Amino acid sequence: MDYKLIALDMDGTLLNSKKEITEQNKVAISKAMAQGVKIVLNSGRAYDGIAYAYKELGISGADQYMINSGGNIIESLDKKIIYKKVMENNTCENIARDLKSEKINYVLIDIEGNSYDSYQEWMEKRMLNTNLAIAKFMIHTHKRNLEETAEKLHQKYDAKFFVVVTSKRDIEIFPKEVNKGKALEKLAKHLKIKPEQVVAIGDLDNDIPMIKFAGLGVAMGNSPENVKIISDEVTADDNHSGVGQAIEKYVLK
């Protein structure tokens with residue numbers, strides 16, 4: 001297959017456990033770009049937490065794109081937004097009230113990556129900057145409580161929201177139609193790239209929608225079994241340049 005776009009998760013995928021991009025990953029990405037392949041970082045991070053990686057990879061220009069905040073925003077590297085989906089304030093207030101009543105600690109994350117420990121704190125900040133909006137809720141748990149808390153949140157919110165495990169300790173709540181796969185689908189359409197021409201590489205549950213969307217979905221070697229099962233292929237782990245190995249094997253001519 002002549003692949004045209006590679007979507008990459010960052011933490012646990014492009015980045016190793018030291019939060020570095022390995023040389024093998026850099027070289028493979030550079031070779032793919034030389035073939036005309038688009039590289040799209042698709043991360044739960046906000047713009048600034050992703051932009052530095054593009055600089056390190058030598059990628060720039062108004063025709064280059066990122067997907068940030070876990071699928072809430074698609075924007076070019078010159079910050080032109082082509083898609084944005086955020087939470088309404090009354091929705092945030094209701095969720096915050098429910099979580100507090102359940103004694104579940106949370107933070108609200110805005111579209112710039114800032115966090116707020118309460119709905120009241122968020123509203124005070126928003127009064128100073130009405131352009132801000134909430135992208136998601138994050139619930140930080142102990143490892144031993146992750147599954148129990150996740151199940152409780154799935155039961156309560158799945159009907160109206162997208163609830164997903166994003167790390168070994170974190171669960172996030174997004175607007176219903178927001179996930180990495182939906183955003184990747186929108187960007188591919190914008191670029192007139194077919195799903196079968198897309199490669200997606202990730203490691204955790206929040207990467208599953210984009211792995212399923214792509215013509216070739218690749219799980220990292222450090223992924224849990226449920227992610228590996230739904231993927232087309234499994235590559236090496238993040239500390240052994242799994243991204244670079246996958247690009248060399250499946251993309252480079």
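The values are calculated or read from the model by the stated rules, or taken from the named source; none is laboratory data. Since the model is a prediction, treat every value here as computed from it, not as a measurement. In this analysis, Cβ positions are derived from the backbone assuming ideal geometry, glycine residues included, and neighbour counts consider all displayed protein chains. These accessible areas exclude ligands, DNA and RNA; they are computed on the full protein's heavy atoms, side chains included. Shrake-Rupley method; radii C 1.70, N 1.55, O 1.52, S 1.80 Å.
Between Lys143 and Glu233, the FRET efficiency from the beta-carbon distance, with R0 = 30 Å, is close to 0.60.
The alpha carbon convex hull volume per residue for region 43-177 rounds to 108 Å³.
Relative to the longest principal axis of the Cα atoms of the chain, the long axis of helix 23-34 lies at roughly 70 degrees.
In the context of the full set of protein chains, residues of the chain present 48 Å² of accessible surface per residue (probe radius 1.4 Å, heavy atoms only).
Restricting region 48-142 to trypsin sites (Lys or Arg not before Pro) that sit in a DSSP loop and have at most 12 other Cβ atoms within 10 Å of their own Cβ leaves Lys79, Lys80, Lys103. Under a 5 Å amide H cut-off, with hydrogens placed 1.01 Å from N, Val234 pairs with Ala219 among residues at least 5 apart or on other chains. Per-residue ellipticity at 222 nm, computed for the chain from helices alone with -39500 (n - 2.57) per DSSP H run of at least four residues, works out to -10500 deg cm²/dmol. Taking every Cα-Cα distance in region 170-223 and sorting them into 10 Å bins starting at zero, the pair-distance distribution P(r) comes out as 25, 51, 23, 2 percent.
For the chain, with all protein chains in place and a probe radius of 1.4 Å, 46% of the accessible heavy-atom surface sits on carbon or sulfur. Per-residue Karplus couplings for region 238-250, computed as 6.51 cos²θ - 1.76 cosθ + 1.60 with θ equal to phi - 60°, are listed in order as 5, 8, 10, 6, x, 5, x, 5, 5, 5, 4, 7, 10 Hz, Gly and Pro entered as x. For the pair Arg169 and Asp2, the difference between a 0.36 nm per residue extended length and the Cα-Cα distance amounts to 56.4 nm.
Overall dimensions of region 1-79, expressed as equivalent-ellipsoid semi-axes from the Cα gyration tensor (√(5λ), whole Å, largest first), are 18, 16, 12. When the pairs Lys18/Lys182; Lys103/Lys136; Lys18/Lys55; Lys212/Lys249 are compared against a 27 Å limit on Cα-Cα distance, Lys18/Lys182 fall above it. Orientation-averaged projection of the chain equals 12.9 nm² [convex hull of Cα atoms, one quarter of hull surface area]. Bin width 5 Å, origin at 0, all Cα-Cα pairs of region 145-253: what percent of pairs per bin? Taking every Cα pair in region 145-253, the percentages come to 2, 12, 20, 20, 20, 14, 8, 3, 1, 0.
Can you tell me the FRET efficiency between His240 and Thr130 if r is taken as the Cβ-Cβ distance and R0 is 45 Å, rounded to the nearest 0.05? Approximately 0.45, to the nearest 0.05.
The spacing between region 173-229 and region 232-253, judged by their C-alpha centroids, is 16 Å.
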